[in-house]
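Working notes for the structure below.
The values are calculated or read from the model by the stated rules, or taken from the named source; none is laboratory data. These numbers come from a predicted model, not from an experiment. Areas reflect the complete protein model, heavy atoms only, side chains present, ligands, DNA and RNA absent. Shrake-Rupley method; radii C 1.70, N 1.55, O 1.52, S 1.80 Å.
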Amino acid sequence: EEGGLWASFTVPLSAPEDTAAGVHWGHLPLVAGLALFNMLRGMGLDSVRLRWPNDLLAGKSKLAGILVERPAENMAVIPPARLADLVRDCPSLHAVMASLGSHLNQVLSVFSHGGVPALQEGLSRAWAGERPVSILTDDETVRGIFTGIDDQGNPVLSLPAGTVRTIPAHLINRLLEE
């Protein structure tokens, strides 16, 4: 389709000896999202931001969805995402793919050596600040201000009562921005 880009990257999951503790394949949507964010910001798309855990937005429009599949124990696949044509003077498909691969390799390297804590500053920048959200789980809806993530990649909310609550990612069905 005109104006779209579908890309898949295979990421080896065999842990090198220097891989940091706590590095888990389930964090790859954060890794891929930050890589795509960095690439598009480098292309001059200043309105791009992440929405936890796997959406890339340009303003209020969804630009990409990042999905990670694990077809084998030692491999993950980041399958196709549709990108809208929002970049003025967009480079060639080859240049975009090479740039995305380079950014993914760079962020994956940082992640593999430092885990989620090594990405927290970049992810905070990618989320473009605090924002009101509702988090839906099987048991409850939690409303608060999304302030970032903890060192395991779980969203952290500032609640109206003045307390802070971390919601375990595996319990979350949906995060809605308000």
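Shown are PHE9, PHE37, whose ranking by accessible area with a 1.4 Å probe and every protein chain present, most to least, is PHE9, PHE37. Close amide-amide hydrogen proximity is noted between ALA64 and LEU56, each under 5 Å apart and 5 or more residues distant or on a separate chain (H modeled in the peptide plane; Pro and chain starts excluded). Close amide H contacts of ARG131 (hydrogens built in the peptide plane, cut-off under 5 Å, sequence separation of 5 or more or a different chain): PHE146.
Subtracting the Cα-Cα distance of SER47 and ALA161 from their residue separation scaled by 0.36 nm leaves 37.9 nm. Whole-Hz Karplus values for the range 151-161 come out as 6, 10, x, 7, x, 10, 10, 8, 8, x, 6 Hz, taken residue by residue from phi with 6.51 cos²θ - 1.76 cosθ + 1.60 and θ = phi - 60°; glycine and proline positions read x. Rounded to whole numbers, the Karplus 3J(HN,Hα) couplings from phi for the range 133-139 are 9, 10, 10, 9, 10, 5, 9 Hz, using 6.51 cos²θ - 1.76 cosθ + 1.60 with θ = phi - 60°, and x at Gly and Pro. For the range 33-44, putting each phi into the Karplus relation 6.51 cos²θ - 1.76 cosθ + 1.60 with θ = phi - 60° gives couplings of x, 5, 4, 5, 4, 4, 4, 5, 4, x, 8, x Hz, in residue order, rounded to whole numbers and with x for Gly and Pro. Of the solvent-accessible surface of the range 92-167, computed with a 1.4 Å probe and all protein chains present, 51% belongs to carbon and sulfur.
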